[in-house]
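Below: one structure, written as structure tokens.
The values are calculated or read from the model by the stated rules, or taken from the named source; none is laboratory data. Just so it is clear, the structure is predicted and the values come from calculations on it, not from any experiment. We place every Cβ from the backbone using ideal geometry, glycine too, and count neighbours over all the protein chains shown.
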Amino acid sequence: MKTAELVVSAARPAFAFPDGGRRILIYVVYDRRGEVEDYVLFALRHLREFFDTILVVVNGKLTDRGRYALEPLAEDVIVRENRGYDIWGYKAGLDYLADGISTYDEVVLANDTWYGPVRPLRPVFTRMDSAQLHFWGMTDHIRVEPNPFTRTGYLAYHLQSYWLAVRSSMFLSDEWKSYWRDLPELHSYDDAVVRHEAVFTELFTGMGFVGEVAFPTLTDRTENHAVLYAEQLIDAGCPTLKRRAFFQWPPYLDHLGVVGRWALEAASRHGYPTDLILSDLARNVAPRVLNADLALTSVLRSDASDYRDGEPLRTVVIAHVFYDEMMGEIIDRVSRLPGRFDLVVTVPDKEKAERIRAVLAAWPARGAVEVRVLASNNGRDQGAFLVGCRDVVVDGGYDLLVKIHSKKTPQDASNASQHFKRQQFDNLLDSSDYAANVVALFQREKMLGIAYPPMVHLGYGTMGHAWWGNRSRFVDICRMLGISVPVDEVSPLAPFGSMYFARPDALRPLFEHEWTYEDFGGEESYLDGGLAHVLERMPSYAAGESGYYTRTIANAEYAAASHTALDYNLDQMSATVPNTTMDQILFLRRMGELGRGTHEDFAYAFARVTRPAWEPRLGRLFAAMRAIRRRLRWRK
């Protein structure tokens, strides 16, 4: 292995890939839905010219649609139990080939944990084919001591296992056969690294086999360069872009100064269709994590636009108006949209409908206008949208919808409620140029499904708490609707205030279920845990299931106020906690819930941080103390 850490003289003759040689790909796929993402098909189509045979190994289930998509691209597709991660998937492929592998000169073991090719494959194969070696990898990982997984010993220098090419002089050896025959069970991601990936390279180079890396580590830092230096590797010609760069824990990427958006832009710069990346991530990454990792917040101009007049989107505005005195303000806002649009106004009673029709009669509409009197106000704007306007969204033939409503939030403090209202309307329809820029996002980005203001926080305690009492029922409803997008842990990515721009197709999972007003219950049900509050948090997850991603949008004035407040607040909260933001978060998580800061709460926090074994004992101790106090009070 030619690396600074490990130099082993080859005790065995190594050879270049022969002219006219035969190559087979064993490609392992896993999808929680049993489907095959489009980026996988793209990769296989581009790999096809370099392989005589492609064998796809599916870990877990495979739908008929998935099999139909794979069969034109592979000679064989085998489906196995999802056990042992991609490593045992490789083993299953090798076992399936058995002695038939001897008819090939090279086998490539690869999996679906990368996007690509983001750069041409041919220069890589040409360069590596000419090298005299036994095996090669696309990227590597330097030695780490102590081993970050076991906290002892060291993590050996290794070629990363998502792409490993092996020549026949190695895969026909007894050592190779013994390795795969005796491969231990792998029960976790850590197992896959510690018991295979970090073992394989050192083991076989120690036996005298020669290994090389196509794109070596760029620095001497002990980091996962394929993930954390993705942009630099792409610019260096690496054709593989690791998916993990886009779903790592955001504080970890922040800690290392990594912005996933830059890697995405590098892939786009070199011609890769990044909609394939965004669609896959939307379906398989928690939306708030994705929003942070890819920096999917757009601060849009209010004084100029890049809207394309020649590419109009057929648009409908759906406005639920409970406070009909706000109708003039709503008309002023929606009039800022570019081009033609239809307007559907929903109201809870006939009297309000008549007053609203009178206002609309004097308005120069730019499309069809309809005022609908709902059969019920159950669910408020959610019921009006999902029940009262189902036909508009499902059958209207629109490219884009704008969902707004008459917002006052009278139950909150006056400043907070006024800010919330402005935060919604100003970040959706700030000016004619701003509104045109929102629509322009949907013109340019075909897989953008929904756009809305960032989570409100000025005047509201949403940070860290925005699920409130809704998460449990949210998970149940996701299951009912067939939404498998991972659910964010701390707070959802959601249109708080329930106003947004969206493609109707992105909301399809919400409308495939035929809701009724009775599902929402009356006003007494409009609270946390109630259906309306649960569904308010659902649109980005529904869009993700359909392969559409979310952007949060803001005007410059709001972004300035929001960022400076968050900046100051985080600075204040960090003052009494050590180290970097990531370390602070990990420390606070170890402390756990602090409750109201009672002596019991602090005792539990102390135990969780320094003496974890004490925590269950403390529960018994405090229960006994409370019982003693009760008995003493009873005696008095």
- Residue list for segment 395-416, restricted to those being touching a residue at least 24 places away in the same chain (Cβ under 8 Å), surrounded by 14 or more Cβ atoms within 10 Å (Cβ to Cβ) and under 30 Å from Asp342 (Cβ atoms): Gly396, Tyr398, Asp399, Leu400, Leu401, Val402, Lys403, Ile404, His405, Ser406, Lys407, Lys408
- Out of all the residues in segment 25-50, which are surrounded by fewer than 19 Cβ atoms within 10 Å (Cβ to Cβ), part of a helix (DSSP H, G or I), of a type outside the set (A, V, I, L, M) and touching a helix residue (DSSP H, G or I) at 6+ places or on another chain (Cβ under 8 Å)? Asp38, Phe42, Arg45, Arg48, Phe50
- Query: Just one of Val371, Val316 is part of a strand (DSSP E or B) and farther than 30 Å from Ser562 by Cβ; which is it?
  - Reply: Val371
- Item | Every residue from segment 593-604 that is of a type in the set (A, V, I, L, M) and part of a helix (DSSP H, G or I) | Ala603
- Query: Under the condition of being among the hydrophobic types (A, V, I, L, M, F, W, C) and in contact with a strand residue (DSSP E or B) (Cβ under 9 Å, 6 or more places away or on another chain), which residue from segment 373-394 is surrounded by the most Cβ atoms within 10 Å (Cβ to Cβ)?
  - Reply: Ala384
- Query: Residues in segment 148-167: is at least one touching a Phe, Trp or Tyr at 6+ places or on another chain (Cβ under 9 Å), part of a helix (DSSP H, G or I), at pLDDT 90 or above and surrounded by 15 or more Cβ atoms within 10 Å (Cβ to Cβ)?
  - Reply: no
- Query: Pairs, please: C-beta under 9 Å, at least 6 apart or cross-chain, first residue on the phi > 0 side of the Ramachandran plot and in segment 254-275, second among the basic types (Lys, Arg) and in a loop (DSSP other than H, G, I, E, B)?
  - Reply: Gly271/Arg119
- Tell me which residues, restricted to segment 168-190, are in contact (Cβ under 8 Å) with a residue 60 or more places away in the chain, surrounded by fewer than 20 Cβ atoms within 10 Å (Cβ to Cβ), touching a helix residue (DSSP H, G or I) at 6+ places or on another chain (Cβ under 9 Å) and in a helix (DSSP H, G or I). Trp180, Tyr189
- Query: If we scan segment 310-320, do we find a residue that is free of Cβ contacts under 8 Å to residues at least 40 places away in the same chain and out of contact with any helix residue (DSSP H, G or I) (no Cβ under 7 Å at 6 or more places or on another chain)?
  - Reply: yes
- Message: Restricting to segment 493-509, name every residue that is surrounded by fewer than 23 Cβ atoms within 10 Å (Cβ to Cβ) and within 20 Å of Asp280 (Cα to Cα).
- Response: Arg503, Pro504, Asp505, Arg508, Pro509
- Query: How many residues, within segment 341-362, are assigned to a loop (DSSP other than H, G, I, E, B) and either among the hydroxyl-bearing types (Ser, Thr, Tyr) or under 34 Å from the mean Cα position of the chain (by Cα) (or both)?
  - Reply: 1
- So, of the residues in segment 51-79 that are assigned to a helix (DSSP H, G or I) and of a type outside the set (Gly, Ala, Ser), which turns out to be farthest from Val40 (Cα to Cα)? Asp64
- Task: Please state which one of Tyr452, Tyr460, Tyr434 is crowded, with 18+ Cβ neighbours inside 10 Å and touching a Leu at 6+ places or on another chain (Cβ under 6 Å).
- Result: Tyr434
- The lone exception for Asp19 - which of (1) surrounded by 18 or more Cβ atoms within 10 Å (Cβ to Cβ); (2) at pLDDT 95 or above it fails: (1)
